Amino acid sequence: MSLRVVSVLSAVLALGSTAAPPAVAEGARVDYQEWRSTRLLQGAHEGTAPVPGGLAIRRPVGVLDGYDYARWTSPRRVTGFAATQAVASWNADTPPGTWLQVELRGDGTPWYVMARWALGDRDIERTTVSGQSDEHGSVDVDTFLAARPLRAYQLRVTLYRLTGTRTSPLLRMAGAMASAIPDRFTVPTSAPGVARGVELPVPRYSQNVHEGHYPEYDGGGEAWCSPTSTAMVVEYHGRGPSADDLSWVDPDHADRTVDHAARHTYDHDYRGAGNWPFNTAYAATFGLRGHVTRLRSLSELEGYIARGVPVITSQSFREDELTGAGYGTAGHIMVVVGFTGDGDVIANDPASPSNDAVRRVYDRAQFENIWLRTKRHRADGSVASGSGGIAYIISR
């Protein structure tokens, strides 16, 4: 049931860490900024121009391997604190013959490639780029790890189309989440809030129903917690692939939209379907908004539930740390769909034997801790990392 295994926080949380007890450690610092709609007019344009819905290629400024390209660079974003990580997000349409590249840089750093992306897989292999490391930082799959405090950054998106054609990608949004999360094994439990007693009618899909399906995409369904969760939320919002889109999927497979999501979120370098922004970018191709961020408490997450927005979360835990799960995991994705009247978490957990078993109720304190912590103990006593509150926000 693996997905995006969170293995990156320990190396960067040493920046500014203190010996303060976890319960009184400085709170999480998170800055999410996006450029969408008219805000995409800001920044530097090299051959890009506004069109209805976003930015497209107006006049190519170069050619690469048979593709013409144009480029947009964001304004400089000041984070307001010494960030240790950054994760880029984007929403875009990539018709056949087109793709895009997303890059990020901090003050004084080179550009780092965060993604080479298209919804389809016939023009390029959708991929992140390994081997990017220097004195300023490194890229671990979808996350930039700052070796020095990151106080400002820029994004750059290059749009590509086959030379001699007029079709262009459409960039509808580019954004990034910068964060600095305290180094902590435990977090205080937040008080239940505005979403007590609210449960959203999110479809329930089990990843394990897809065991053995299309092993070329992350080993098959037993590893598809992220695309399964994304498919649930996309369909909750009334969107999803068409019958023609699904024509490649075996008609005997149950919940074929899950197979489709796995193929179209697959990262060919990471060799998995758990790339965080690949999942939100996939969701956005159905006319939704999607981005990756960190949240600081279940109280903050409750605000989304109260507004009708389910939240996809990333967590890792031993079996004894989450009562009722029945398993332990080094990294897993599930969907928070509501809260009981007492404030406990109602989750659609795809690591379930059947669709009927997907709905789970998890203890608030246990869930909040395994989701927000940055460090944890394995069963053998060794120390591993946690997600620090990673969330996919997918909305209309």
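Every read-out reported here was derived from the displayed coordinates using simple, explicitly stated rules and does not represent laboratory data. Keep in mind that what you see is a predicted model, and the values were worked out from it rather than measured. A quick note on method: Cβ atoms are made from the backbone with ideal geometry, for glycine too, and the neighbour counts reach across all protein chains shown.
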Mind pulling the per residue volume of the convex hull built on the Cα atoms of the chain? Å³ is fine.
136 Å³
Note on segment 207-395: C-alpha Rg/Rh, Kirkwood Rh, two decimals, gives 0.95
Would you look at the GNM of the chain, springs on alpha carbons closer than 10 Å, and say which of Ser206, Ser242, Ser74 moves the most?
Ser242
Taking the chain as a Gaussian network, Cα atoms linked when under 10 Å apart, which of Asp255, Asp245, Asp68 shows the biggest mean-square fluctuation?
Asp245
Between segment 133-159 and segment 212-278, what is the separation of their alpha carbon centroids in Å?
28 Å
Computed, not fitted: 222 nm per-residue ellipticity of the chain from DSSP H runs ≥ 4 (each -39500 (n - 2.57)), nearest 500, equal to -4000 deg cm²/dmol
How much FRET efficiency would the formula 1/(1 + (r/R0)^6) give for Val198 and Tyr32, where r is the Cβ-Cβ distance and R0 is 30 Å, rounded to 0.05?
0.80
Segment 32-140 - Debye-derived log10 I(q)/I(0), Cα point model, q = 0.19 Å⁻¹:
-1.20
Taking Rh as the Kirkwood radius computed over C-alpha pairs, what is the Stokes-Einstein D of segment 192-252 at 37 °C in a medium of viscosity 0.692 mPa s, expressed in µm² per second?
244 µm²/s
Sites Val129 and Asp245, calculated FRET efficiency, Cβ-Cβ separation with R0 25 Å, nearest 0.05:
0.35
Ranked output for segments 376-387, 210-221 by mean other Cβ atoms within 10 Å, highest leading, reads 210-221, 376-387
Residue among Val311, Val129, Val258 with the largest mean-square fluctuation in a Gaussian network model of the chain, springs linking Cα atoms under 10 Å
Val129
Rounded to the nearest 0.05, FRET efficiency between Glu319 and Glu216 (Cβ-Cβ, R0 41 Å) equals 0.85
